[in-house]
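Below is one structure, written out as structure tokens; the observations come after it.
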Amino acid sequence: MDELPTVIARAPGACGELVLRRVGAHHEIIADGMFLMDTRAGESERLLVDAAADRMPDGAPLVVGGLGVGFSLAAALSHPRVGEVVVVEREQAVIEWNAGPLGNADLLADPRAHCVPADLVTWLSTVEEPFGAVCLDIDNGPEWTLDEGNAGLYTDTGLDLLASALTPDGVLAVWSAAASADFHARLRAHFADVEELTVPVPRGEPDVVYLATPSPRPSSPS
């Protein structure tokens with residue numbers, strides 16, 4: 001029999017009530033009744049960062065949009081090509097839960113990690129120095145967003161904003177719970193190279209990681 005979830009904490013959030021609950025050995029975060037993330041796997045979240053870091057300039061700073069349960073931050077800090085890691089998370093409760101019951105206080109205290117409590121869309125408009133990679137994991141995908149503000153990031157205007165935050169040889173990585181042909185086409189209209197990586201999941205469609213670069217990538221030697 002499956003274990004019933006136990007609510008550990010509740011807090012007001014930008015999109016309604018945030019709930020942290022435990023199910024057996026794992027934790028889940030729910031926003032306004034919608035499942036957001038859990039600690040069960042994290043393979044696609046780690047791929048989001050690893051694939052971007054593999055392709056970005058060595059030693060460049062990397063942005064993670066959305067702290068989640070810490071998978072992406074952990075991957076960034078452990079990747080040898082990543083310099084500074086900036087995590088932008090608008091929900092103060094999620095930051096506090098990572099520092100507490102989610103067990104990621106050591107990640108947040110790492111001297112290379114900087115956690116910015118801000119809305120990613122607003123924060124991106126203030127960025128002056130470009131980054132080697134921007135890894136976007138703030139929604140369930142381009143067609144399943146938490147609010148209208150987030151949805152704007154996946155539009156033509158939003159993609160222009162994301163591209164402006166990258167170095168010419170930088171990488172945009174976007175996580176999605178399902179493939180989106182429309183979003184893929186939109187990426188191709190704004191970026192020179194676009195890749196689509198898939199990660200099988202136990203139920204439903206595979207998770208997808210989109211990778212886009214402003215400049216064409218050099219061909220691999222034959």
Quiz item: Looking at ASN140, is it polar (S, T, N, Q), out of contact with any His (no Cβ under 9 Å at 6 or more places or on another chain) and part of a loop (DSSP other than H, G, I, E, B)?
Solution: yes
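Every residue, every condition in (1) in contact with a helix residue (DSSP H, G or I) (Cβ under 8 Å, 6 or more places away or on another chain); (2) at pLDDT 95 or above, yes or no:
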residue: GLY24; (1), (2): no, no
residue: GLY33; (1), (2): no, no
residue: ASP58; (1), (2): no, yes
residue: ALA76; (1), (2): yes, yes
residue: PRO80; (1), (2): no, yes
Quiz item: Here are some residues: TRP123, TRP144. Which one is at pLDDT below 90, aromatic (Phe, Trp, Tyr), under 20 Å from SER72 (Cβ atoms) and surrounded by fewer than 19 Cβ atoms within 10 Å (Cβ to Cβ)?
Solution: TRP144
Exercise. Can you tell me which residue within the stretch 62-110, out of those that are farther than 24 Å from ALA163 by Cα, outside any helix (DSSP H, G or I) and of a type in the set (A, V, I, L, M, F, W, C), is nearest to the chain's Cα centre (by Cα)?
Key: VAL69
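With touching a strand residue (DSSP E or B) at 6+ places or on another chain (Cβ under 7 Å), more than 21 Å from ARG81 (Cβ to Cβ) and among the charged types (D, E, K, R) as the only criterion, which of ASP156, ASP207 stands out?
On the way: ASP156 fails: touching a strand residue (DSSP E or B) at 6+ places or on another chain (Cβ under 7 Å).
That would be ASP207, the only listed residue that is touching a strand residue (DSSP E or B) at 6+ places or on another chain (Cβ under 7 Å), more than 21 Å from ARG81 (Cβ to Cβ) and among the charged types (D, E, K, R).
In the set PHE131, PHE183, which member is farther than 17 Å from GLY65 by Cα and surrounded by 20 or more Cβ atoms within 10 Å (Cβ to Cβ)? Step through it out loud before you land on a result.
Numbers: PHE131 fails: farther than 17 Å from GLY65 by Cα.
None of the other options fit; the residue is PHE183.
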Self-check item: Residues (in contact (Cβ under 8 Å) with a residue 60 or more places away in the chain, of a type outside the set (A, V, I, L, M, F, W, C) and over 14 Å from ASN98 (Cα atoms)) located in the stretch 13-28
Solution: GLY13
Quiz prompt | Single residue of LEU153, LEU162, LEU172 found to be within 15 Å of the chain's Cα centre (by Cα) and part of a strand (DSSP E or B) | solution = LEU172
Quiz item: Do we have any residue at all in the stretch 35-46 that's touching a residue at least 12 places away in the same chain (Cβ under 8 Å), of a type in the set (Lys, Arg) and either closer than 21 Å to ASP110 by Cα or open to solvent by less than 40 Å² (accessible area, probe 1.4 Å) (or both)?
Solution: yes
Exercise. Sort out which residues of the stretch 186-213 are open to solvent by 30 Å² or more (accessible area, probe 1.4 Å), modelled with pLDDT of 90 or more and over 17 Å from LEU47 (Cα atoms), and write them in order of number.
Key: ARG186, ARG188, ALA189, HIS190, ALA192, ASP193
Self-check item: Any strands (runs of 3 or more DSSP E) falling wholly within the stretch 1-49 and containing at least 2 residues that are under 17 Å from the mean Cα position of the chain (by Cα)
Solution: 26-31, 34-38
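So, in the stretch 50-61, how many residues would count as being part of a loop (DSSP other than H, G, I, E, B) and open to solvent by less than 20 Å² (accessible area, probe 1.4 Å)? I'd like the intermediate steps shown before the answer.
Of the stretch 50-61, the ones part of a loop (DSSP other than H, G, I, E, B) are 56-61.
Applying the additional criterion that residues be open to solvent by less than 20 Å² (accessible area, probe 1.4 Å) yields 56, 60.
Residues that pass the stated criteria total 2.
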Quiz item: Just checking, how many residues over the stretch 152-174 are free of Cβ contacts under 8 Å to residues at least 12 places away in the same chain and open to solvent by less than 40 Å² (accessible area, probe 1.4 Å)?
Solution: 0
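The values are calculated or read from the model by the stated rules, or taken from the named source; none is laboratory data. Small disclaimer: the values here were computed from a predicted structure and weren't measured. Note that each Cβ is placed from the backbone with ideal geometry, even for glycine, and that neighbours are counted across all protein chains shown. These accessible areas exclude ligands, DNA and RNA; they are computed on the full protein's heavy atoms, side chains included. Shrake-Rupley method; radii C 1.70, N 1.55, O 1.52, S 1.80 Å.
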